[in-house]
Amino acid sequence: MPESGSAPITVDEHLALILDRVTELSAYDQPLLETIGLPVFADIVSPVSLPGFDNSAMDGYAVHFRDVAHATTDTPVHLPVVGEIAAGASKVSALQPGTTVRIMTGAPVPPGCNAVVPVESTDNGSTKVLISQAPIEGQHIRRAGEDVTKGDVLLTAGERIDARRIGLLASVGIGRVTTRPRPRVVIMSTGTELVEPGGSLGHGEIFDSNSYLLAAAAKHAGAIAYRVSSTSDDPVAFTEALSDQLVRADVVVTSGGVSKGTHDVVKEALVGLGTVAFHEVAMQPGKPQGFGVVGEDSTPIFTLPGNPVSAYISFELFVVPALRKMMGRTPLNRSLVRAQLTTPVTSIPGRRQFLRGLFEPKIGGSTVTPVGGAGSHLMGGLSRANALIVLGETITSVQAGTDVPVLLLDRDY
Ligand code: AMP
Ligand code: MG
């Protein structure tokens, strides 16, 4: 790992170092609804066919098609109604020619039946029925196996579970799925000046926004977030809080206390361990970064800068890809889209700049407009942004109308 105080490393170098160290979590069986957004670990094969049996697609009358093949409004056909089959009926006897049974949507069609006449084409009779429209052979019968065949591969390893796939898995009777679990992310804020939202501020105090911001971002990335109340700038208190949290953490994310001040609690507490590297990353915002491992289980720890915008952007750039790797999701990195810049911008040479932007998708050319300033304390601006405009290390200014790479913050890749 690079030594503290060495020359800045690039965004890509920092990310590579992280991804090299973070490993996939072991997969296990999880209840179906817990797996939304996670990739399946192995192919899933259907244990049954769908539909499982021939059944009616309509409420109506089960018939022998030939009995009513000539029915019209002028020459309707009378049939005796000899029974009724509801959805869930288990004993269904064969349909005798010249008779009909009432049948409900989803009910098994009786052997011999080769069409269902919908109620709308009848007089809705209960002991005998008048059928005034000839059915097409096989009409309104859902055939066993027409949707899914037993043994079909429903999902291949790596495909992500979504609502539709959950529906499919439930349809074939699968209630648990093997996936890598969601990483448990412990989020810790540091700073003696921090007050829990809802409390009251003394002079010089501010509300702790980072722990909420980062916990929300962790959830959005598919992780489980454990938000911890802020700790003061006392390294002993921070170390104690950290070791208390390690038991439930797959990842720890701290914010604050990693710059060059005199109360840089996170740095002070961790630098002596020798397992966390603190360095500058050539980016703006988010220059001071730290990453390494702590505790008996070598739990990965990200020490993000304290300014809220820096903390958030660092989380999106470095923590999210690591969380994705732990869950087995691909790709690890967000893909960039391109958009036309609406106003000119400037950038600091030698650092990759991430400007907050409002991306507007448009047919024929999406646009992106910088919102808020470059200051990394500007939460108002951040909240109006839905994208980051990425300006490379060699860029110093960009004119309006130029196509620029944009990272969409709300898109799930
Ligand atoms: P630090 O790196 O700890 O010096 O923090 C840099 C700036 O971010 C300071 O202005 C802090 O007050 C602010 N800051 C640090 N942590 C938080 C937090 N959890 N919520 C809001 N602002 C914070
Ligand atoms: Mg601080």
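Brief remarks follow.
- Scan of segment 284-323 for residues that are more than 12 Å from ligand 1 (Cβ to nearest atom) and either β-branched (Val, Ile, Thr) or not assigned by TED's automatic domain parsing to the domain that holds GLU193 (or both), ordered by number: VAL293, VAL294, THR299, ILE301, ILE313, VAL319, VAL320
- For segment 352-392, the set of residues classified as assigned to a loop (DSSP other than H, G, I, E, B), more than 27 Å from the chain's Cα centre (by Cα) and under 25 Å from SER255 (Cα atoms) consists of GLY372, GLY373, ALA374, GLY375, SER376, HIS377, LEU378, listed by residue number.
- Flag for GLY292 being touching a residue at least 24 places away in the same chain (Cβ under 8 Å), within 26 Å of ASP20 (Cα to Cα) and part of a loop (DSSP other than H, G, I, E, B): no
- Test: residue in segment 360-372 that is touching a helix residue (DSSP H, G or I) at 6+ places or on another chain (Cβ under 7 Å), of a type in the set (A, V, I, L, M) and within 29 Å of LYS260 (Cα to Cα): yes
Residues are listed down the side, and each one gets a yes or a no for (1) closer than 26 Å to LEU19 by Cβ; (2) modelled with pLDDT of 95 or more; (3) charged (D, E, K, R):
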{"residue": "ARG334", "(1), (2), (3)": "yes, no, yes"}
{"residue": "THR343", "(1), (2), (3)": "no, yes, no"}
{"residue": "GLY350", "(1), (2), (3)": "yes, yes, no"}
{"residue": "ARG356", "(1), (2), (3)": "yes, yes, yes"}
{"residue": "VAL368", "(1), (2), (3)": "no, yes, no"}
{"residue": "GLY373", "(1), (2), (3)": "no, no, no"}
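- In the set (1) of a type outside the set (Lys, Arg); (2) under 14 Å from VAL11 (Cβ atoms); (3) in a loop (DSSP other than H, G, I, E, B), the condition left unmet by SER310 is number (3).
- Tallying residues that are away from ligand 2 (no atom under 14 Å from the Cβ) and among the β-branched types (Val, Ile, Thr) within segment 204-237 yields 3.
- One residue from SER366, SER347, SER397 being away from ligand 2 (no atom under 16 Å from the Cβ) and touching a Lys or Arg at 6+ places or on another chain (Cβ under 9 Å): SER366
- Positions within segment 244-272 being assigned to a helix (DSSP H, G or I), under 12 Å from ILE301 (Cβ atoms) and more than 15 Å from ligand 1 (Cβ to nearest atom), in sequence order: GLN245, LEU246
The values are calculated or read from the model by the stated rules, or taken from the named source; none is laboratory data. Only a predicted model underlies this, so the values are computations on that prediction, with no experimental measurement involved. A quick note on method: Cβ atoms are made from the backbone with ideal geometry, for glycine too, and the neighbour counts reach across all protein chains shown.
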